[in-house]
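These notes concern the structure reproduced below.
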Amino acid sequence: MPEHIHDCIVVGAGPAGSAAALEMARAGLDVVMLERGNHPGEKNVMSGVLYTDKLIELVPDYLPRAPLQRCITGGYANHILGEDWILELPRFRDYRQLDHPAPTFTVFRSQFDPWLASEAEAAGVELFTATLVEDLLWEGDQVAGVHTRRGDLRARLVIGADGVNSTVSEKAGIMPRFGQEELTLLARQVLDLPAEVIEERLNVRPGEGALSMFIGQVQGPTGECGIYHGEIYSNQDSLSMTLGTSLDELARVGVSVYDALEQWERHPHIARLIEGATLREYQAHLIPFGGPPALENLYGNGVLLAGDSGKFTTKLGVGSWPAMASGAAAARTVKHALEWGDYSADCLSVYEDHLSQEGLIEVLD
């Protein structure tokens, strides 16, 4: 029998990949989604804030069904930290956040990613986990599928949504390798605290949460100092602490991101906030900044990049809604190419228009 050719293969089952797969399946396309982890979310790092502007378009009834933690009603508090002092800038609290069309929540990726992938499966997507893509298949100068350890799969188009160290991007040769100055290393730890303690310290009610942002200095062994950016946000029965700084900054100062996290924890304000907490988990992750060198680096003959693979991250490091929005834009681009029967980069350049409609061009600039 002739080898089956799918309409599209999506590599990566994070928010970008699942959003793309979901949109295409609902349009009646034959879609396969591949995930290298044993389940979606296993290889992803984000116990953070989910902006639901795009999610509510993808899954309008997500609110009672999605695995959410707390709704951010406590506003966004900004702080500047000195060695033993803190400057707290004014904050805006919105106690009616749940009444907004797109409220903001904290989530765990290990819970959220499997749920969103299951929505794609329910729409008709074939999901294969524990499947590592090692290379691309080619027909002439056009991507025609993927090679995995479990065998080859062919498709008219491939979407790379496989994260910052994207195999699809590398093998397609459309995006230059990220430089050290373009990557921020995030260290995140989840600290268990009783829900009532969290609510008392952050002045929120059950189900409500708050996000606090910090700028401070980390000192290296020679006395050299560098800047870090930190966030603390509340889950149901834990606090997530995230600290990020660029790779070149860490190298210049001569410290590890874990050292910077320890210094931050010892600050009097932070130490009192997390007093009595116990460590649940520790994670680290690279985040791309700066957008692609050019929009043409986001697509090639038979291939598109979405999510972190395409450097879809805001200047503040927000990647959740840009990931889903870029996935949806990629899905519409695939549908357009299939309708025309043209999978060349010229035809896929309509991706730029769809990204603009999603408000992502401003994010990349």
- Message: Let me make sure I get this right: for the range 101-252, a, b and c are the square roots of the gyration tensor eigenvalues over alpha carbons, sorted descending. Under 1.5 in a/c it's rounded, otherwise prolate if a/b > b/c, else oblate. Which is it?
- Response: oblate
- Note on the structure: Any residue on another chain or 5+ positions along whose placed amide H is under 5 Å from the amide H of Gly209 is listed here as Cys71, Ile72, Thr73, Gly74
- Note on the structure: Scalar couplings 3J(HN,Hα) for the range 28-36 by Karplus 6.51 cos²θ - 1.76 cosθ + 1.60 (θ = phi - 60°), nearest whole Hz, x for Gly and Pro, are x, 7, 8, 10, 10, 10, 10, 10, 6
- Zone of Glu57's modelled label, taken as backbone nitrogen in the range 317-345 under 13 Å from a point 7 Å along Cα→Cβ: 321-333
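Taking the Cβ-Cβ separation of Glu362 and Leu279 as r and a Förster radius of 30 Å, what is the calculated FRET efficiency to the nearest 0.05?
So the FRET efficiency works out to roughly 0.20.
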- Query: Between Asn297 and Glu200, what length comes free when the chain is fully extended (0.36 nm per residue of separation minus the Cα-Cα distance, one decimal in nm)?
  - Reply: 30.1 nm
- Note on the structure: Hull surface over four for the Cα convex hull of the range 221-365, reported in nm², is 11.3 nm²
- accessible surface per residue for the range 34-180, probe 1.4 Å, DNA/RNA/ligands not counted, whole Å² -> 48 Å²
- Query: Over the chain, what per residue volume does the convex hull of the Cα atoms give, in whole Å³?
  - Reply: 137 Å³
- Task: Just grab the label-to-label distance for Asn165 and Arg96, each label 7 Å out from Cα along the Cβ direction, in nm (one decimal).
- Result: 4.8 nm
- Query: Sorted by accessible area with a 1.4 angstrom probe, largest first, how do Tyr51, Tyr95, Tyr258, Tyr62 fall?
  - Reply: Tyr95, Tyr258, Tyr51, Tyr62
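The values are calculated or read from the model by the stated rules, or taken from the named source; none is laboratory data. Owing to the predicted nature of the structure, the values given are computational and were not obtained by experimental measurement. Positions of Cβ are generated from backbone atoms using ideal geometry, with glycine treated the same way; all protein chains shown enter the neighbour counts. Just so you know, the surface numbers come from the protein's heavy atoms only, side chains and all, with ligands and any DNA or RNA stripped out. Shrake-Rupley method; radii C 1.70, N 1.55, O 1.52, S 1.80 Å.
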